[in-house]
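**Q** Please see the structure below; I have some questions.
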Amino acid sequence: MPKIEFPKFDGSNPRWWCDQCELYFEIYSVAPFLKTRFAALNFVAPASVWLQSEERRGRFRNWEDLVKTVLAKYDQDQYPMQLRHLDSLKQTGSVYDYHTRFAKLAHGILLYNPAYDDTFFVT
């Protein structure tokens, strides 16, 4: 089995992070009662500070509760922010760098609205 690092969460791109966690749990057959512990160990500032206060309040008992709480906190403005970033994207360096940023934003937008097609992104 290849060694895969558990994804870190700093508050950005919460849907991608949740998807990556699910893949990790599946690959390594993580027991349901350990999922929140794996996740908690991989929060980094500023999200780690938020997580600590949420844990003390007892806001989640399982992975599903943690995901709901993370999405409620960090996913509110992601879709319009991704659209704004794509709209303002300009090439300032190499074509490779531009394409990398473009692809990341396009995939981020598709997480929220899979109905967009290639025509939208080209225009």
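The values are calculated or read from the model by the stated rules, or taken from the named source; none is laboratory data. In this text, all values refer to a predicted model and were calculated from it rather than measured experimentally. Side chains included, ligands, DNA and RNA excluded: accessible areas come from the protein's heavy atoms. Shrake-Rupley method; radii C 1.70, N 1.55, O 1.52, S 1.80 Å.
**Q** If the elastic network links every pair of Cα atoms under 10 Å, which of TYR112, TYR96, TYR79 fluctuates the most in the Gaussian network model of the chain?
**A** Of TYR112, TYR96, TYR79, the Gaussian network model singles out TYR96 as fluctuating most.
**Q** Another question, then. Quick one: among ALA106, ALA31, ALA72, which has the greatest mean-square fluctuation in a GNM of the chain with alpha-carbon springs under 10 angstrom?
**A** Result: ALA31 has the largest fluctuation of those listed.
**Q** Give me the aspartates and glutamates in straight-line cross-link reach of LYS35: C-alpha distance below 12 Å, same-chain residues under 8 apart excluded.
**A** Correct list for LYS35: GLU22, GLU26, GLU64, ASP65.
**Q** Listed here are the pairs LYS3/LYS68; LYS3/LYS73; LYS68/LYS90; which of them are more than 32 Å apart at the Cα? It would help to have the intermediate numbers written out before the result.
**A** On the way: LYS3/LYS68 28 Å; LYS3/LYS73 30 Å; LYS68/LYS90 34 Å.
Beyond 32 Å: LYS68/LYS90.
**Q** Let me check I have the definition right: for the chain, take the eigenvalues of the Cα gyration tensor, multiply each by 5, take square roots. What are those semi-axes in whole Å, largest first? Don't skip to the answer; put the middle values down first.
**A** Details: eigenvalues 182, 57, 38 Å².
Whole-Å semi-axes of the equivalent ellipsoid: 30, 17, 14.
**Q** How large is the helix-only mean residue ellipticity at 222 nm for the chain, computed as the sum of -39500 (n - 2.57) over DSSP H runs with n ≥ 4, divided by its residue count, in deg cm²/dmol to the nearest 500?
**A** Details: 7 runs with 76 residues, N = 123.
Calculated at 222 nm, the ellipticity per residue is -18500 deg cm²/dmol.
**Q** Express in nm, to one decimal, how much length is gained between ASP77 and HIS107 on full extension, taking 0.36 nm for each residue of separation and deducting their alpha carbon distance.
**A** Working: separation 30, 0.36 × 30 = 10.80 nm, distance 1.59 nm.
Fully extending the segment from ASP77 to HIS107 adds 9.2 nm.
**Q** Same structure again: Which of LYS35, LYS104, LYS90 moves the most in a Gaussian network model of the chain with Cα springs under 10 Å?
**A** The residue with the greatest mean-square fluctuation here is LYS90.
**Q** I'd like the carbon and sulfur percentage of the solvent accessible area for the chain, probe radius 1.4 Å, heavy atoms only, ligands and nucleic acids excluded.
**A** On the way: 4650 of 8420 Å².
It is 55 percent, rounded to a whole number.
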